[in-house]
1. Specify the inter-centroid distance of the stretch 28-105 and the stretch 230-277, based on alpha-carbon positions, in whole Å.
2. Take the Cα coordinates of the stretch 282-354, assign each an equal point scatterer, and use the Debye formula without solvent to give log10 I(q)/I(0) at q = 0.22 Å⁻¹.
3. Place +1 on the Cβ of every Lys and Arg and -1 on the Cβ of every Asp and Glu in the stretch 29-207, take the dipole about the Cα centre, and give the residue among Val96, Gly164, Val50 whose Cα lies farthest towards its positive end.
4. Please say if the stretch 210-353 is rounded, prolate or oblate, where rounded means a/c under 1.5 for a ≥ b ≥ c the square roots of the C-alpha gyration tensor eigenvalues, and otherwise the choice is prolate for a/b larger than b/c and oblate otherwise?
5. Would you mind checking which residues have amide H under 5 Å from Gly245's amide H? H placed 1.01 Å from N; only 5 or more apart, or other chain.
6. What FRET efficiency do you get for Asp67 and Phe328 if R0 is 45 Å and r is their Cβ-Cβ distance, rounded to the nearest 0.05?
7. Can you list the residues, at least 5 places off or on another chain, whose amide H is less than 5 Å from the amide H of Thr297, using H built in the peptide plane?
8. Apply the Karplus parameterisation 6.51 cos²θ - 1.76 cosθ + 1.60, with θ equal to phi minus 60°, to every residue of the stretch 42-51 and state each ³J(HN,Hα) to the nearest whole Hz, in sequence, with x for glycine and proline.
Amino acid sequence: MLRTFLLGLLILGELGSLWAQSIDQTYKSHITLRLTNNQSVELEFNQFSVLLAHRNLDSVLHLFVRDYQKVRDTSEALTAHKIRFRFDENRRQLDVRSYPQTQQAYHFSGTEEPALLKTQSDTLELPAWQAPAAVGWGSGSPQFWVQFVLNDLSFIETQLKNGGFNPLLEEAIQSVYQYKNHHLTSSKVTFDLVQEGKKATFSQLNFVRAAFISFQPRAEVGVIRHRLVPALAADVMWVPDSYRGMGFSVGLQSHFFFRGTPETGFHTDRNDFLNLGVHFYSRRPNGQKAEFSKLLTHLSVGVPLRRVGGYFPKNTVRLSGTVFSRGFIKLEPELYMTGFFRNVYPGVRLRLGL
């Protein structure tokens, strides 16, 4: 029975870790640069620092223009193209999809011959270009993405000759720095920004909380009234904000007392406590998520749910806190009291587990 219980705790602990990962969401910010003639540049990134690392768009676009000029079919002037430009330090690749025009539109001006107009936009996509695994050679969602939606891809070459796209992006970056209500450069905040010239419009401000739930089984041994008492325990901990490093738990703790009897010679009395706790974990610098493998301390209060053998009075309250933590090993002094400190006896506990 004990072996089955321990195996169940281990399995539930693994499931708890998977559950925690599954509900930890990744939020992204977006910047849209409005260009002339309803054209735009759209950027998506998960942290502002990633945007800064990719702020030199023009250097990438010069590579694209040089490669695209070699394969461009000038006879397809009215055909829309969707191109993904992927590259790393060893190779470059253009993935081109063509969308022939399915309808015709003509423009008339004075006595000139009617001009056949292009009715569909061209699109250029630039995935993140610093890590090869994020550029499309491998799998996974990139941390940074740029999409140009243009009337014609030739606009890129024209804009590069007239100052490039970098100054337009720098306007948006300065708008982020100058935003007064929140520090948008923090990894805890995501936002949407539309930059049109000097005008900046912010929306969709989200504070990335990344809440999760964790199941924490463990084995313990404590000294209670000069007796060595083993225990098995499990907590369900809720972390409302993984950047703050604080969690709240509810759990069951089972103490096992062993005594001899004339009938069987050996008997086990199980006493259960319901515990409510608060946990504090080490916080990382620069606004990163807390280090949940490093517990600073925890405080808990418990009341008995099951009493056998008279070891704990009905109105017992258990107080405890962690004073030492290293990996799976934790040292926890505790205090049992009845009648609001009328009868008090201390204890100490060694915990092995999460």
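The values are calculated or read from the model by the stated rules, or taken from the named source; none is laboratory data. What you see is a predicted model, and the numbers here were worked out from it, not measured in a lab. Note that we place each Cβ from the backbone using ideal geometry, even for glycine, and neighbour counts take in every protein chain shown. The area values use the complete protein model at the heavy-atom level, side chains included, leaving out ligands, DNA and RNA. Shrake-Rupley method; radii C 1.70, N 1.55, O 1.52, S 1.80 Å.
1. The stretch 28-105 and the stretch 230-277 have Cα centres separated by 58 Å.
2. Log10 of I(q)/I(0), two decimals: -0.98.
3. It is Val50.
4. Prolate is the answer for the stretch 210-353, as a/c is 1.5 or above and a/b outweighs b/c.
5. Ala290
6. 0.25
7. Amide H to amide H, under 5 Å and 5 or more residues apart or across chains, Thr297 pairs with Phe280.
8. Each residue of the stretch 42-51 in turn: 10, 10, 10, 7, 9, 9, 5, 4, 5, 4 Hz.
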